[in-house]
Every structure is written in C-alpha cells, then in structure tokens.
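The values are calculated or read from the model by the stated rules, or taken from the named source; none is laboratory data. This structure is a prediction, so every number in the text was calculated from the model and none was measured. Glycine gets a Cβ as well: all are built from the backbone with ideal geometry, and neighbour counts include every protein chain shown. Surface accessibility is based on the protein's heavy atoms, side chains included, excluding ligands, DNA and RNA. Shrake-Rupley method; radii C 1.70, N 1.55, O 1.52, S 1.80 Å.
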Amino acid sequence: MFKLFHPVNIKFGEGLIGDLETLLEGYEGYNFVIVAGNSAKQNGILRVIESQLDDRVLGTVVGIEENPTMENVDTIIEMMNNTNADALIGIGGGSVMDATKVASIGAAMGLSAREVISEKSRTRVPLILIPTTSGSSSEVTNSAVISDHTIGKKLPTNGPEVFADLAIIDPELTYTCPKNVTAISGIDIMCHAFDAIGNVKHNPYSDTLATEALRLAFKHLKSVYDGENNREGRHALSLATMLVGQAFSQTGTSGSHAVSYYLTSEFGVPHGEACALTVDLWYKINSEEDPRLEEIAKSLGFLSVDEMLDAFNELKNSIGLRTTFDALGIDKKHLAAIAEDALLQANMKNNIVQLNEAELVELLNRK
C-alpha cells in the first residue's frame with residue numbers, strides 16, 4: 001500500500017513567463033510581494049514580472065542568501081506585514097523558494113521564521129513559485145530548509161502546507177545560469193533521485209519519476225554544462241527537476257541529504273555538492289540490501305550499479321565538482337561529528353540501510 005498527494009498546479013513550457021497575468025487568473029490573492037534572486041533582478045526577469053503585474057506588486061525582497069536564514073525569512077514576513085499584500089511570488093533558485101515557502105506560513109499566522117519551523121498546525125497565504133535554476137525542485141515539493149546561525153544548524157521543515165499553489169516552470173529562465181550553478185544544481189537532481197530510490201518510502205510512482213529524472217540528467221547535464229544543445233538540454237533538466245521533485249515529495253530525502261547539512265553549515269560546501277559527495281556510497285550499500293536498485297541501474301543502460309556509479313563520479317569530475325573530503329578541505333578528524341549530526345536528522349530514517357555511528361564513520365572514510 002502507498003499513498004500519493006501532490007496538490008501543486010504545475011504549468012510547464014518555454015515562454016510562460018510572458019503570460020504571467022493569465023496564468024494567475026483564478027488564484028486567490030491579488031496584491032503580491034515578490035521574493036527574487038539577485039540573478040532574476042540582474043538579468044531582467046524580475047522587471048518582466050513587475051511590468052505585467054504593475055501596481056499589484058506592493059513590495060519586492062532581494063538578497064536572499066545561498067543558504068536562506070531565519071533573518072531572510074523574517075524580512076519577507078515583515079514586507080508582507082508592512083504592505084498588506086495577500087500573496088507571495090518567489091522567483092529564483094532553491095534558496096529563494098525555500099525562504100518564500102516558510103515566509104508564506106509566517107505571514108498568514110503572524111509568526112516569525114523560528115516559530116514557523118516549530119509550529120505543528122499551519123496555514124499560509126497563496127503562494128506561486130517560479131524556478132530559475134534546475135535542481136532544487138523546491139517549486140513542487142513540500143519541504144524547505146532554513147539556516148539558523150544562532151545554533152549553527154540547517155533546519156528542515158515539511159508538510160502539506162509547504163506545497164505551493166502554482167509552480168510556473170519556464171526552461172528559458174534557466175538559460176543564463178552560470179556553469180557552477182548548472183553543475184551544483186544539476187547534480188542535485190541526481191542526488192534527489194538516488195535518495196528517493198534508496199528510500200523505505202519508495203513506491204512505483206516515485207521510482208518511475210526518479211528513474212526518468214536520472215536518465216535525463218545522465219544524458220544532458222554535461223552537454224548543458226559545456227554550453228552545448230542549450231535549448232534541448234535546459235528543457236530536459238527543467239523537466240527532470242520537476243519529475244524528481246514529485247518523486248521525493250512522496251518519499252522525502254535520505255542518507256546523502258542527512259550527511260549534507262553539516263557539510264554545508266560547518267564547512268560551507270554548496271548543497272548539491274555536499275549531497276553528491278556521499279550519495280554513491282548510499283546507493284551502493286542500499287543496492288546490496290534491495291535488488292530493485294540494481295534493476296533500476298540496468299534500466300538506465302548500465303551493466304551494474306557499479307558501472308552506473310562510476311559514470312556518476314566521472315560526471316561529477318567532468319563538471320568540476322569535488323569528490324573527496326581532501327578536495328573539500330575537510331580534515332577527516334571531523335568524520336565523527338559529521339556522522340553524529342547526520343544520525344540526528346529525521347531523513348536518515350528513510351534510508352534502506354541503517355547504520356550506527358561507527359559504521360557511518362567507516363562509510364564516510366571511503367571518501
């Protein structure tokens with residue numbers, strides 16, 4: 001038995017951003033605060049949105065950090081309170097969308113960001129998300145991660161109220177992504193897929209979507225990184241992001257994400273790169289427990305799990321991602337702390353194979 005719940009209305013296609021006013025017809029909320037990434041402001045995407053909505057835009061928030069903070073979220077909530085706007089639009093990468101999602105709850109309930117994270121019964125204002133990168137899938141998921149610098153932790157939150165009302169996915173908005181963003185966000189597609197597959201909550205729906213996302217990423221990520229086939233490749237990566245987001249919104253993430261939080265909060269490793277460091281290790285040990293993972297590797301055209309993971313690591317190297325603790329500048333004396341923190345994360349329980357701290361340290365030591 002499995003359950004499916006995915007209430008986000010998804011609009012996908014090139015050029016959709018030019019018809020925003022029509023796409024918003026019929027949705028609750030008339031006056032907006034827009035939360036935008038710095039790139040959306042610099043490349044003119046924000047101006048395109050503002051020109052269509054005109055005086056319906058009551059305020060704009062930019063400058064969300066790469067790992068969004070409680071303070072970033074509170075700034076959005078304050079803007080909502082000061083303008084009396086009744087809906088939120090988030091346009092940018094995963095950081096912008098995560099911050100907007102949490103702020104949508106705070107604005108509706110009169111709560112601060114920290115209060116939103118701990119609140120059990122929640123509601124939100126109408127929420128529209130527009131991604132400008134391919135990788136986070138935040139536009140179609142029921143989760144967000146916010147950094148709390150007072151305790152030095154990344155705090156995940158999830159629930160049905162974290163889903164957006166509408167996701168507008170226009171691959172053309174990703175055409176200007178720089179190479180490093182393409183690499184880090186693109187590899188996150190694959191990490192999300194591997195985590196959804198190697199998950200105790202997997203089901204035929206999530207497996208199908210995650211497998212197709214992997215196929216698209218294996219085929220197109222390197223060429224997009226190299227600047228080849230920009231239109232076809234960008235479309236494919238946007239599609240892969242949407243598909244895998246629907247997969248792990250059902251399962252949650254697992255081992256690689258649980259390990260990644262400490263790498264990002266303590267050592268500043270970008271999220272996708274932090275997940276990619278260990279995701280191959282998790283897939284391998286999970287495949288030894290569940291033969292389904294071997295079948296999925298073969299369905300992608302590989303002879304074995306090992307061949308697929310070798311190809312994955314070759315891909316990481318070819319797009320400039322670091323693949324060892326040494327390359328990341330992290331002394332292995334920290335492995336025990338990394339393992340201890342990872343085992344405290346709720347998503348670690350989603351992993352098929354469960355390890356104790358000593359076993360996890362041994363696994364991490366392979367990197």
What FRET efficiency comes out for the pair Asp54/Thr150, r = Cβ-Cβ distance, R0 = 51 Å, nearest 0.05?
0.80
Binned Cα-Cα distances of the range 233-349, short to long, each 10 Å bin given as a whole percent
12, 38, 39, 10, 0
Excluding residues on the same chain fewer than 8 positions from Lys367, give the lysines whose Cα lies under 17 Å from its Cα.
Lys284, Lys316, Lys332, Lys333
What translational D, rounded to a whole number of µm²/s, comes out for the range 311-367 from Stokes-Einstein when the hydrodynamic radius is the Kirkwood one over Cα pairs, at 10 °C and 1.306 mPa s?
125
Share of accessible surface on carbon and sulfur in the range 231-367, whole %, 1.4 Å probe and ligands ignored, is 47
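Give the ranking of Ile64, Ile187 by solvent-accessible surface, highest area first, calculated with a 1.4 Å probe.
Ile64, Ile187
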Please report the antiparallel percentage of DSSP beta bridges with both residues in the chain, rounded to the nearest 5.
25
Report, in debye and to the nearest 20, how large the dipole of the range 141-266 comes out about its Cα centre when Lys and Arg carry +1 and Asp and Glu carry -1 on their Cβ.
240
With all protein chains present, the range 1-110 has a carbon and sulfur share of its accessible area (1.4 Å probe) in percent of 45
Folded to 0 to 90 degrees: helix 179-197 orientation relative to the chain principal axis, Cα
70
Accessible area of the range 259-367 divided out per residue, in Å², using a probe of 1.4 angstrom
44
Here P(r) for the range 138-213, Cα-Cα distances in 5 Å bins, as whole percents, is 3, 12, 14, 20, 25, 17, 7, 2, 0
For Lys41, Lys367, Lys3, give the ranking by accessible area with the largest first, probe 1.4 Å.
Lys3, Lys41, Lys367
Span per principal axis, largest first, for the Cα atoms of the range 1-88 (Å):
44, 31, 27
Pairing the Cα long axis of helix 204-225 with the longest principal axis of the chain, what angle in degrees results, from 0 to 90 and rounded to the nearest 10?
90
Taking Cα atoms only, helix 94-109 is inclined relative to the longest principal axis of the chain by an angle, in degrees rounded to 10, of 50
Isolated Cys in the chain by the 4.7 Å beta carbon test?
Cys177
Per residue, how big is the convex hull around the C-alpha atoms of the range 175-296? Give it to me in cubic angstrom, could you?
96
Separation of alpha-carbon centers, the range 293-310 and the range 205-266, rounded to whole Å:
17
What does the chain give for Rg and for Dmax, in Å, if only its C-alpha atoms count?
19.6, 59
Under the rule of -39500 (n - 2.57) per DSSP H run of 4 or more residues, summed and divided by the residues of the chain, what mean residue ellipticity at 222 nm is obtained, to the nearest 500 deg cm²/dmol?
-16500 deg cm²/dmol
Assuming a ≥ b ≥ c are the square roots of the Cα gyration tensor eigenvalues, decide whether the range 125-181 counts as rounded (a/c under 1.5), prolate (otherwise, with a/b larger than b/c) or oblate.
oblate
Just how far, in whole angstrom, is the range 1-75 from the range 128-167 if you go by their alpha carbon centroids?
13
What do you get for Rg/Rh over the range 1-154 if you use C-alpha atoms and the Kirkwood form of Rh?
0.95
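Calculate, for Tyr175 and Ser318, the FRET efficiency according to 1/(1 + (r/R0)^6) with r their C-beta to C-beta distance and R0 25 Å; round to the nearest 0.05.
Plugging the Cβ-Cβ distance into 1/(1 + (r/R0)^6) gives 0.75.
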Apply the Karplus parameterisation 6.51 cos²θ - 1.76 cosθ + 1.60, with θ equal to phi minus 60°, to every residue of the range 141-148 and state each ³J(HN,Hα) to the nearest whole Hz, in sequence, with x for glycine and proline.
10, 9, 9, 8, 10, 10, 8, 10
Farthest towards the positive end of the dipole of the chain, among Ala183, Gly37, Pro204 and with Cβ unit charges of +1 on Lys and Arg and -1 on Asp and Glu, lies the Cα of Pro204
Just to be sure I understand the model, the point goes 7 Å from the Cα along the line to the Cβ. What's the resulting Thr208 to Asn43 distance in nm?
3.2
Only Lys, Arg, Asp and Glu count, each charged at its Cβ (+1, +1, -1, -1), so figure out the dipole size of the chain about its Cα centre, rounded to 20 debye.
180
Taking a straight Cα-to-Cα line shorter than 29 Å from Lys101, and setting aside same-chain lysines fewer than 8 residues away, one finds Lys3, Lys11, Lys41, Lys120, Lys153, Lys154, Lys179, Lys201, Lys349
Can you bin every Cα-Cα distance in the range 282-332 into 10 Å intervals starting at zero and give me the percent of pairs per bin, rounded to whole numbers?
24, 40, 28, 8
Accessible surface, 1.4 Å probe, highest first, among residues Val181, Val200, Val102
Val200, Val181, Val102
